[in-house]
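Single-structure report; data block below.
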Amino acid sequence: MNDKRIALITDSGTNTPPDFVTEHAIRITPLRINYSDGSSYESGITITTPELVKRFENEIPKTSLPSPEGIKATFEAAKAEGYQGALYIAISSGLSATCDTTRMIAESIEDFPIYVVDTKNIGVASGLIVMEAQRLIDQGLSLDQIGTALDSASLNTRVYFSVPTLEYLRKGGRISEAIYRIGSMLNIKPVLTCNENGKYVIAKKARGWQKSLAGQIALAASHAQQFEHVHAGICCSAPNIIYSEMESMMKEAIPNITDFTYADAGPDLIVHTGPGLVGVAIQGY
């Protein structure tokens, strides 16, 4: 930590690896998982991914942004502990109201500068930006310098992911009924990404699961070509042998990878994609 004492805060949707979070005392504001009976859970805290998936048999819940009161309390706690500012890394404003809400809350905290970064990404891709934030804090950069650098890093970071069924994307309103029906009929397993506005778009259409995974690697390799070095991330809905398989494929296709990060997808992401999610992220520098 530098002499500016910058508190690093993020939301649970970034899927930042727990060991990294613990090591660097990163604060997490959890998104909420909401059921029709009125019950609400904090993602990754009061409900885990396996628990969520088990409950899919009865209901696919909704998600909502972290508690505004909780976000404000997190900032105020950091201020009270002697931090001189805070850096908040948020999942895409195109997918969640978390970023915009946090910016409004930040403006209400007096005498405590806060920089909110819209990663324009989700999951492990946003997690890579959290990790980059910690690296810059450790280098001693100012809050504004770090925020500006992370805004640029967000533009250089891409996520690509596939799901074995389109059912959850359809139910969550992420794809149309027509795309769902045609895709299911033709066994299309699209590779999804976030566009420049941070919204889900189909990056590649693949026939079959293995071709979809290969499509992820091809897209990641294409993005990586423009950089000297890249930090790669791999994400899935549960610890799986797929990690080693995807790492081997990425190493073969992307020779300029310098670091790998593994991340298990949290409940707030799995609600919208369903179990079986596999994704990769590339951050260039």
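Here are some notes:
- Subset of the stretch 15-57 (residues that are of a type in the set (Lys, Arg) and in contact (Cβ under 8 Å) with a residue 24 or more places away in the chain): 27, 32
- Subset of the stretch 113-129 [among the hydrophobic types (A, V, I, L, M, F, W, C) and under 17 Å from residue 75 (Cβ atoms)]: 114, 116, 117
- Considered as a group, the residues in the stretch 241-260 that are surrounded by fewer than 16 Cβ atoms within 10 Å (Cβ to Cβ) and within 15 Å of residue 124 (Cα to Cα) include one that is nearest to the chain's Cα centre (by Cα), and that residue is 260.
- Scope the stretch 65-81; condition within 12 Å of residue 109 (Cα to Cα) and free of Cβ contacts under 8 Å to residues at least 60 places away in the same chain; matching residues: 71, 72, 73, 76, 77, 79, 80
For (1) without any contact (Cβ under 8 Å) to a residue 12 or more places away in the chain; (2) assigned by TED's automatic domain parsing to the domain that holds residue 190; (3) aliphatic (A, V, I, L, M), each residue gets a yes or a no:
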| site | (1), (2), (3) |
| --- | --- |
| 217 | no, yes, yes |
| 228 | no, yes, no |
| 235 | no, yes, no |
| 248 | yes, yes, no |
| 251 | yes, yes, no |
| 254 | no, yes, yes |
| 268 | no, yes, no |
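The values are calculated or read from the model by the stated rules, or taken from the named source; none is laboratory data. Predicted model, so just to flag it, every value in this text is computed and none were measured. No Cβ is skipped: glycine too gets one built from the backbone with ideal geometry, and neighbour counts run over all protein chains shown.
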